[in-house]
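For reference, the structure discussed in these notes is given below.
The values are calculated or read from the model by the stated rules, or taken from the named source; none is laboratory data. Quick caveat, the model's predicted, so the values are computed rather than measured. All Cβ positions, even for glycine, are placed from backbone atoms using ideal geometry, and neighbour counts span all protein chains on display.
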Amino acid sequence: MIKISLPDGSVKEFEKNSTPMDVAKSISEGLARNVISASFNNTIVETTTKLTTDGSLILYTWNDKEGKKAFWHSTSHVMAQVLEEKYPGIKLTLGPAIENGFYYDIDFGDQKITEADFKTIEDRVLEVSREKHEFKMRPVSKVEALEIYKNNEYKTELISNLEDGTITFCDHANFFDLCRGGHIPNTGLIKAMKIMSVAGAYWRGDEKNKQLTRVYGISFPKQKDLTEYLELLEEAKRRDHRKLGKELELFAFSQKVGQGLPLWLPKGAALRDRLEQFLKKAQKKAGYEQVVTPHIGQKELYVTSGHYAKYGADSFQPIHTPAEGEEFLLKPMNCPHHCEIYNTRPWSYKDLPKRYAEFGTVYRYEQSGELHGLTRVRGFTQDDAHIFCTPEQLDAEFKNVIDLVLYVFGSLGFENFTAQVSVRDLNNPDKYIGSVENWEKAENAIISAARDKGLNYIIESGEAAFYGPKLDFMVKDALGRQWQLGTIQVDYNLPERFELSYKGADNEMHRPVMIHRAPFGSMERFIAILLEHTAGNFPLWLMPEQAIILSLSEKYENYAKKVLSLLENNEIRGLIDNRNETIGKKIRDAEVKKIPFMIIVGEEEEKNGTVSVRRHGQEGKGNITVTVEEFSKIVSEEISKTLKPFIV
Ligand SMILES: [Zn+2]
Ligand SMILES: [Zn+2]
């Protein structure tokens, strides 16, 4: 008998040579139907692998990342089988699962696969799948494996790097492939499959090697899942922040200014400003003080901070001046500047914590191929702040920062998020600087703060930076995509490097602890994510324009102006469309601009001192006629639902 422990902590006895599928069956028939992959003692196994020793077993279904991985990798075997059938003589190389689906890199020789071929390949993959072929692993000796693949230089290279005795093939139907394992029980589970694209890819990612054809695919256990996935992709395209940014006239790029350097247009700048004011107001309440620091600093500053040693070579290179030996760097981080602000005078423990905040613009070199809209840029503004406190204050400070981050998320409509606490790898103590005692204090402070604040969090050991543990927030957007937003980081390194100190109650000098934090992360990336999350329908308080006044004809222009000034008195941002166009055209244009309220004024309205209100995206349903006062009340009530004051 062998003892198998399961993730819920239970331990059960099984006959030797039982399989993960046997274990699943012993738990429930329902589980057995859904199990598609497993890991035993942290190694991926087949559901049919015979277990011969005690150990811990995890069973995966489609809902697990590992389950999807096995599903997609297995489909890549079936696709490879079909491609070999259709294009005899092609050379297979590697076919792994990726984040969404899988690919197979193939040397097609003189043959070529095009989009016109996709459909027949997909149909044949499903036909083979319906035959319910089992995936079976088989050991093969190195000599034999090399003989089998003697005409495939890629597989030969892979096999040459493997130890004899560890080489396995996977069989299904009449097809085999060199493979380490990790498959679903049989092909019958694959109910939907699509080839997404083909692209060139160098063997082993090295451009000196031969270029292969990478065939990307994805598969699902239900046809419905594929349909939903394709719809999601379409929606993501519609919401692409680069497209919306252009349509809403928020930002632009100019080749003349330079790649990765966004230009904020008036509406985008106003949006940024509103976000900044919103955070500044909350930060003021939370005891932060605004500071301003320059965009460049002496190279020495970053030598002291350690940034130069770490990033110097891959960054913007030093700026030289006419003076000999004078070198400056574009600011890659605000922290060193803030440390020097702290150092401008002596502090007592009674003065702490000090909280310095700055919307600080930083510059980091990214390769041009890595640049992407506002999410990967070369110059961006962080909503940065650094808190300098005593070790005893860390706990409370951490909780305050969490409150602020949650306030930001709530006000901007991010409701679905989780937190990750990154702590030390206890097996590698040499990797970290700072005393063990301080690390323990900081890690406990973060974990208890996360728990007390009711966060849904996970702890990742070994994920901490060398200088301190951290807490990251991951938000899920409206399309279910996960983004890392907002980070809170404890740092013992910079206070040491900049020799920061304060006088303690014991009259001795001590080092403060430093917290880096940025709820948005950066203005650029945050606005990109917010654009894609809301599809440009920002919370009402943030909209560049909240209302547009559409006059039925020029005759009502004066009344339109009067309405606008009344709205402005109520702090509602509006504008007038007084073009000589039909009302239908004006409405269509306002819809494209996603302006929340369209205010139609004509003879009736002028006579009665009212406005007709139409909402964006509602095709005229629920239009109402109210006085300007009543309309202002509707707007302010709606705003107060999302934008509440920050309470400390
Ligand atoms: Zn495989
Ligand atoms: Zn910092």
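Just a few scattered comments:
- Selection of the stretch 61-104 for residues being under 16 Å from ILE36 (Cα atoms), among the charged types (D, E, K, R) and not in a loop (DSSP other than H, G, I, E, B) yields LYS65, GLU66, LYS68, LYS69.
- Only a single item in (1) buried (at least 19 other Cβ atoms within 10 Å of the Cβ); (2) in contact with a helix residue (DSSP H, G or I) (Cβ under 6 Å, 6 or more places away or on another chain); (3) not in a helix (DSSP H, G or I) is not met by VAL198, and it is number (2).
- Sole residue being over 22 Å from THR534 (Cβ atoms) and acidic (Asp, Glu), chosen from GLU247, GLU235, GLU231, GLU289: GLU289
- Subset of the stretch 103-155 (residues that are among the polar types (S, T, N, Q) and surrounded by 17 or more Cβ atoms within 10 Å (Cβ to Cβ)): SER129, ASN152
- Test set (1) in contact with a Gly (Cβ under 9 Å, 6 or more places away or on another chain); (2) within 30 Å of VAL401 (Cβ to Cβ) - GLU638 fails condition number: (1)
- Considering residues of the stretch 340-356 that are crowded, with 17+ Cβ neighbours inside 10 Å and charged (D, E, K, R) only, the residue farthest from GLY260 (Cα to Cα): LYS354
- Matching residues in the stretch 477-488 - criterion: being surrounded by fewer than 22 Cβ atoms within 10 Å (Cβ to Cβ) and touching a residue at least 24 places away in the same chain (Cβ under 8 Å): ASP477, ALA478, LEU479, GLY480, ARG481, TRP483, GLN484, THR487
- Hits in the stretch 472-504 - residues which are part of a strand (DSSP E or B) and either within 13 Å of ligand 2 (Cβ to nearest atom) or of a type in the set (Phe, Trp, Tyr) (or both): PHE473, TRP483, THR487, ILE488, GLN489, VAL490, ASP491, TYR502
- Test: residue in the stretch 201-222 that is more than 24 Å from ILE106 (Cβ to Cβ), in contact (Cβ under 8 Å) with a residue 24 or more places away in the chain and either in contact with a Leu (Cβ under 9 Å, 6 or more places away or on another chain) or not acidic (Asp, Glu) (or both): yes
- Scanning the stretch 464-475 for residues that are modelled with pLDDT under 90 and surrounded by fewer than 19 Cβ atoms within 10 Å (Cβ to Cβ), we see that the one that is nearest to GLU397 (Cα to Cα) is ALA465.
- Filtered residues of the stretch 493-540 (kept if closer than 19 Å to ASP472 by Cα, out of contact with any strand residue (DSSP E or B) (no Cβ under 6 Å at 6 or more places or on another chain) and among the aromatic types (Phe, Trp, Tyr)): PHE526
- Among (1) within 30 Å of LEU275 (Cβ to Cβ); (2) part of a loop (DSSP other than H, G, I, E, B), the one test that ALA560 misses: (2)
- Subset of the stretch 4-17 (residues that are touching a Ser or Thr at 6+ places or on another chain (Cβ under 9 Å) and assigned to a strand (DSSP E or B)): ILE4, SER5, VAL11, LYS12, PHE14
- Meets criteria (at positive phi and more than 16 Å from ligand 2 (Cβ to nearest atom)) for GLY188: no
- Cβ-Cβ contacts under 6 Å between residues 6 or more apart (or on different chains), taken from a first residue in the stretch 92-119 that is polar (S, T, N, Q) to a second residue that is within 16 Å of ligand 1 (Cβ to nearest atom), are listed as THR93/ASP105; THR93/TYR154.
- The set of residues in the stretch 140-154 that are among the polar types (S, T, N, Q) and without any contact (Cβ under 8 Å) to a residue 60 or more places away in the chain contains only SER141.
- Tabulated pairs, the stretch 454-471, first assigned to a strand (DSSP E or B), second charged (D, E, K, R) and loosely packed, with under 15 Cβ neighbours inside 10 Å, C-beta under 8 angstrom, 6+ apart or interchain: TYR457/ARG451; SER461/ASP425
- Qualifying positions in the stretch 506-543 - in a helix (DSSP H, G or I) and either within 16 Å of ligand 1 (Cβ to nearest atom) or of a type in the set (Gly, Ala, Ser) (or both): ALA528
- Of the residues making up the stretch 24-37, one or more are touching a residue at least 40 places away in the same chain (Cβ under 8 Å) and among the small types (Gly, Ala, Ser).
Here is a yes/no grid of residues against (1) assigned to a loop (DSSP other than H, G, I, E, B); (2) surrounded by fewer than 18 Cβ atoms within 10 Å (Cβ to Cβ); (3) away from ligand 2 (no atom under 14 Å from the Cβ):
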residue	(1), (2), (3)
GLY312	no, yes, yes
GLY325	yes, yes, yes
HIS338	no, no, no
GLU358	no, no, no
GLU366	yes, yes, yes
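- Scanning the stretch 563-590 for residues that are surrounded by fewer than 15 Cβ atoms within 10 Å (Cβ to Cβ), part of a helix (DSSP H, G or I) and among the basic types (Lys, Arg) returns LYS585, ARG588.
- Residue within the stretch 75-91 that is more than 13 Å from ligand 1 (Cβ to nearest atom), under 30 Å from GLU13 (Cβ atoms), in contact with a helix residue (DSSP H, G or I) (Cβ under 6 Å, 6 or more places away or on another chain) and of a type in the set (Val, Ile, Thr) present: no
- Residues satisfying the stated conditions in the stretch 539-562, i.e. of a type in the set (Gly, Ala, Ser), more than 14 Å from ILE639 (Cα to Cα) and crowded, with 18+ Cβ neighbours inside 10 Å: SER551, ALA560
- Boolean, PHE388 is part of a strand (DSSP E or B) and away from ligand 2 (no atom under 16 Å from the Cβ): no
- Some residue of the stretch 29-52 being touching a Phe, Trp or Tyr at 6+ places or on another chain (Cβ under 7 Å), part of a helix (DSSP H, G or I) and crowded, with 18+ Cβ neighbours inside 10 Å: no
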